[in-house]
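S.K.: One structure is given below, represented as structure tokens, and several questions about it will come after.
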Amino acid sequence: MVNLVTYEKHEQGYGEICLNRPEKNNAVSQEMTMELMAILEEAKEDPLKFLVVTGRGKMFSAGGDLGDLHGELTTDEAFSRLYPMKEVLFELVNFPVPTIGLLNGNALGGGCELATACDIRIAKNSSEFGFIQTKLGILPGWGGGALLYEKVNPSFALYWLTEASILKADYLMQQGWLHKIVPPGEWEDQSKIMLNPFISKTYDQMKMLKLQYKKKISSLGLSSLMSEEVRNCASLWETPEHKGAISQFNNRRND
């Protein structure tokens, strides 16, 4: 059986988590959520300099799997299915060394939330990213919106979350959400070269750098803000706007 999420510890001293569901655009299912949490718990015990999060295929992640997060859930059911990925994102935020999102392709919805949970984001310059949840009548469901306010200018975070637009990589580089962009033709070679500055640091340096960063963003307090966002998202799950948006999406997919 193929693992939906893989974990590899590289000899250079870093770990790599890879979303491994390319046929579904790395949409995150409940099973993937459990695998991600188990891998993060394992990776925390390894003396890693840093942790990479990436995806296999053409897309980093399409967000939550609508097979699990369908429109017929009650508010309580939605919360119980959303909350475990909030815990995954918080584990990334609170990871003991820096986390680097190597964004191999586009990300939408929850895919942007997962990327935002990483400390550093590197992407192909052809990629596009969208916090599109408000177009679906809800809010970010894994606490990623609360994280976005910590990672970029708050007024830009509000704009992106409210407009729910899909934005190009070069624009997001200007806004500080992306830290580096790379031409697609150079991605395979550059993805390893780009990690060299991080590989050259010691384990102790990286732990200290991450601890300082966690203090700056008040990482422990973020957990409650993220949980509040999950509850708010779930409270909108049964609204006509959300049910209608999911129905339209399913109809387009079935055409």
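The values are calculated or read from the model by the stated rules, or taken from the named source; none is laboratory data. Here the structure is a predicted model, which is why all the values come from computation and not from measurement. Note that each Cβ is placed from the backbone with ideal geometry, even for glycine, and that neighbours are counted across all protein chains shown. What goes into the accessible areas is simple: the full protein's heavy atoms, side chains included, and nothing from ligands, DNA or RNA. Shrake-Rupley method; radii C 1.70, N 1.55, O 1.52, S 1.80 Å.
S.K.: When E77 is evaluated against the numbered criteria (1) assigned to a strand (DSSP E or B); (2) over 17 Å from the mean Cα position of the chain (by Cα); (3) of a type outside the set (F, W, Y), which criterion, by number, is the only one it fails?
M.R.: Here E77 meets the rest and fails (1).
S.K.: Report whether or not M206 is open to solvent by less than 80 Å² (accessible area, probe 1.4 Å) and modelled with pLDDT under 95. Full working, then the answer.
M.R.: On the way: open to solvent by less than 80 Å² (accessible area, probe 1.4 Å): yes; modelled with pLDDT under 95: no.
The answer is no for M206.
S.K.: Now for a different question. Is it the case that some residue within the stretch 91-105 is in a helix (DSSP H, G or I) and open to solvent by 10 Å² or more (accessible area, probe 1.4 Å)? I'd like the intermediate steps shown before the answer.
M.R.: If we filter the stretch 91-105 for residues that are in a helix (DSSP H, G or I), which is where we start, we get 91-93.
Add one more test, that the residue is open to solvent by 10 Å² or more (accessible area, probe 1.4 Å), and what stays is 91.
Within the stretch 91-105 (the criterion being in a helix (DSSP H, G or I) and open to solvent by 10 Å² or more (accessible area, probe 1.4 Å)), the answer is yes, since at least one residue qualifies.
S.K.: Being of a type in the set (A, V, I, L, M) and in a loop (DSSP other than H, G, I, E, B) is the filter; apply it to the stretch 110-150 and report the residue that is farthest from the chain's Cα centre (by Cα).
M.R.: Applying the first criterion (of a type in the set (A, V, I, L, M)) to the stretch 110-150 yields 114-115, 117, 120, 122-123, 132, 136, 138-139, 146-148.
From the residues that got through so far, the ones that are in a loop (DSSP other than H, G, I, E, B) too are 132, 138-139.
Working: I132: 13, I138: 17, L139: 15 Å.
Step by step, filter the stretch 110-150, then rank; the result is I138.
S.K.: Moving on. May I ask you to verify whether Q133 is out of contact with any Phe, Trp or Tyr (no Cβ under 7 Å at 6 or more places or on another chain), in contact (Cβ under 8 Å) with a residue 40 or more places away in the chain and closer than 29 Å to L220 by Cα? I'd like the intermediate steps shown before the answer.
M.R.: On the way: out of contact with any Phe, Trp or Tyr (no Cβ under 7 Å at 6 or more places or on another chain): yes; in contact (Cβ under 8 Å) with a residue 40 or more places away in the chain: yes; closer than 29 Å to L220 by Cα: yes.
Answer is yes for this residue.
S.K.: Of all residues in the stretch 119-132, which are open to solvent by 10 Å² or more (accessible area, probe 1.4 Å) and not charged (D, E, K, R)? Before you say what the answer is, go through the steps one by one.
M.R.: Of all residues in the stretch 119-132, those open to solvent by 10 Å² or more (accessible area, probe 1.4 Å) come to 119-120, 124-126, 128, 132.
Scanning the stretch 119-132 gives I120, N125, S126, I132.
S.K.: Here are some conditions: (1) in contact with a strand residue (DSSP E or B) (Cβ under 7 Å, 6 or more places away or on another chain); (2) farther than 18 Å from C118 by Cα; (3) at pLDDT below 95; (4) of a type outside the set (A, V, I, L, M, F, W, C). D170 meets all but one. Which one does it not meet?
M.R.: D170 satisfies all of (1) in contact with a strand residue (DSSP E or B) (Cβ under 7 Å, 6 or more places away or on another chain); (2) farther than 18 Å from C118 by Cα; (3) at pLDDT below 95; (4) of a type outside the set (A, V, I, L, M, F, W, C) except (3).
S.K.: If you don't mind, another one. Failed condition for F198, given (1) on the phi > 0 side of the Ramachandran plot; (2) at pLDDT 95 or above, with all others met?
M.R.: (1)
S.K.: Looking for something of a type outside the set (D, E, K, R), buried (at least 23 other Cβ atoms within 10 Å of the Cβ) and within 16 Å of G109 (Cβ to Cβ) - is there at least one such residue anywhere in the stretch 9-21?
M.R.: Taking every residue of the stretch 9-21 in turn, at least one turns out to be of a type outside the set (D, E, K, R), buried (at least 23 other Cβ atoms within 10 Å of the Cβ) and within 16 Å of G109 (Cβ to Cβ).
S.K.: Could you list all residues from the stretch 59-88 that are closer than 22 Å to L195 by Cα and either touching a helix residue (DSSP H, G or I) at 6+ places or on another chain (Cβ under 7 Å) or among the polar types (S, T, N, Q) (or both)?
M.R.: Pass one, the stretch 59-88, residues closer than 22 Å to L195 by Cα: 59-61.
Passing the criteria: F60, S61.
S.K.: Under the condition of being open to solvent by 70 Å² or more (accessible area, probe 1.4 Å) and either within 17 Å of L92 (Cβ to Cβ) or of a type outside the set (D, E) (or both), which residue from the stretch 184-195 is modelled with the lowest pLDDT? Walk me through it before giving the result.
M.R.: Residues of the stretch 184-195 that are open to solvent by 70 Å² or more (accessible area, probe 1.4 Å), as a first pass: 185-186, 188-189, 192-193.
Applying the additional criterion that residues be either within 17 Å of L92 (Cβ to Cβ) or of a type outside the set (D, E) (or both) yields 185, 192-193.
Numbers: G185: 83, K192: 73, I193: 81.
Ranking the candidates gives K192 first.
S.K.: Continuing with this model, one more query. Of the residues in the stretch 70-90, how many are open to solvent by 20 Å² or more (accessible area, probe 1.4 Å) and either in contact (Cβ under 8 Å) with a residue 60 or more places away in the chain or more than 20 Å from E35 (Cβ to Cβ) (or both)? Outline the logic, then answer.
M.R.: Taking the stretch 70-90 as the starting set, the residues that turn out to be open to solvent by 20 Å² or more (accessible area, probe 1.4 Å) are 70, 72, 74-77, 79-81, 83-84, 87, 90.
Add one more test, that the residue is either in contact (Cβ under 8 Å) with a residue 60 or more places away in the chain or more than 20 Å from E35 (Cβ to Cβ) (or both), and what stays is 70, 72, 74-77, 79, 83, 90.
Counting residues in the stretch 70-90 that are open to solvent by 20 Å² or more (accessible area, probe 1.4 Å) and either in contact (Cβ under 8 Å) with a residue 60 or more places away in the chain or more than 20 Å from E35 (Cβ to Cβ) (or both) gives 9.
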